[in-house]
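Worksheet for the structure shown next.
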Amino acid sequence: MKRGDDGKQASSRWIEHEQECCFEKHSEKKKLSGIRRDLWGKIMMELKVIEHKLTVCKVSETSDINMDADFFFIGKTDEEVSLVCKTEDTPQNTVERDDGWRGFRIQGVLDFSLIGILSKLSGLLAAHRIGIFAVSTYNTDYILVKEENFERALNVLAAEGYTVR
C-alpha cells in the first residue's frame with residue numbers, strides 16, 4: 001500500500017498473465033463485458049474478427065465520406081482527415097489510399113484503468129514481423145493487419161492464448 005497525494009491509502013496491484021500485463025486500480029475496478037477471468041485470475045481476452053475488407057485513406061473533406069455507412073473511423077487533425085472504412089465504401093476522391101487491410105477488435109468494453117492491452121498485442125505481432133494499424137474507440141481497440149498477414153496474425157494470437165471468433 002502507498003499513500004496518494006491526498007494522504008489516503010491507495011491500493012493497486014499488477015495483474016500478470018499469459019495474454020497481457022495491465023495495471024488495474026482496485027478503486028476503479030468495473031465489470032468488463034467480454035473480458036473474463038479464468039480460475040487462476042488471469043484475464044481471458046476474446047478477439048472478434050471484422051468480416052469486411054478495409055481501406056485506410058486520406059480525404060480532402062469530411063463531406064467526401066458516406067456518413068450513412070455502417071462501419072468507419074474518422075480521424076481529423078490540423079494536418080489531415082484520415083478514414084478507415086469498408087473497401088466498398090471508400091470515397092472516390094481520396095488524397096491517398098491503401099487497400100488490403102483486415103481487422104479484429106478486442107471484444108467487450110475495456111476500462112480506461114487497464115494498461116498494456118494494445119501494447120501486448122502489438123508486441124506479439126511485431127515479434128512475428130507483422131505490422132499493424134490500430135484504432136481505438138471509447139469502448140475498445142481495433143487492430144488492422146495487411147490481408148496477406150491476417151491469418152498468420154490470428155494464429156499467433158491464438159497460440160498465445162487469445163480466443164479468436
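The values are calculated or read from the model by the stated rules, or taken from the named source; none is laboratory data. It should be emphasised that the depicted structure is a prediction, and the values quoted were computed from it without experimental measurement. Reconstructed Cβ throughout: ideal geometry from the backbone, glycine too, with neighbour counts over all protein chains shown.
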In the stretch 75-120, residues that are surrounded by 15 or more Cβ atoms within 10 Å (Cβ to Cβ), out of contact with any Lys or Arg (no Cβ under 6 Å at 6 or more places or on another chain) and within 14 Å of SER63 (Cα to Cα) total 6
Residue count, the stretch 75-84, condition farther than 20 Å from PHE104 by Cβ and not acidic (Asp, Glu), comes to 3
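Do we find that ARG97 is at pLDDT 90 or above and either touching an Asp or Glu at 6+ places or on another chain (Cβ under 7 Å) or assigned to a helix (DSSP H, G or I) (or both) in this structure? Working first, answer last.
Values: at pLDDT 90 or above: yes; either touching an Asp or Glu at 6+ places or on another chain (Cβ under 7 Å) or assigned to a helix (DSSP H, G or I) (or both): no.
When the stated conditions are applied, ARG97 does not pass them.
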If you go through GLU148, GLU88, the only one that is farther than 22 Å from GLU46 by Cβ and either outside any helix (DSSP H, G or I) or in the same structural domain as MET45 (by TED's automatic domain parsing) (or both) is GLU148
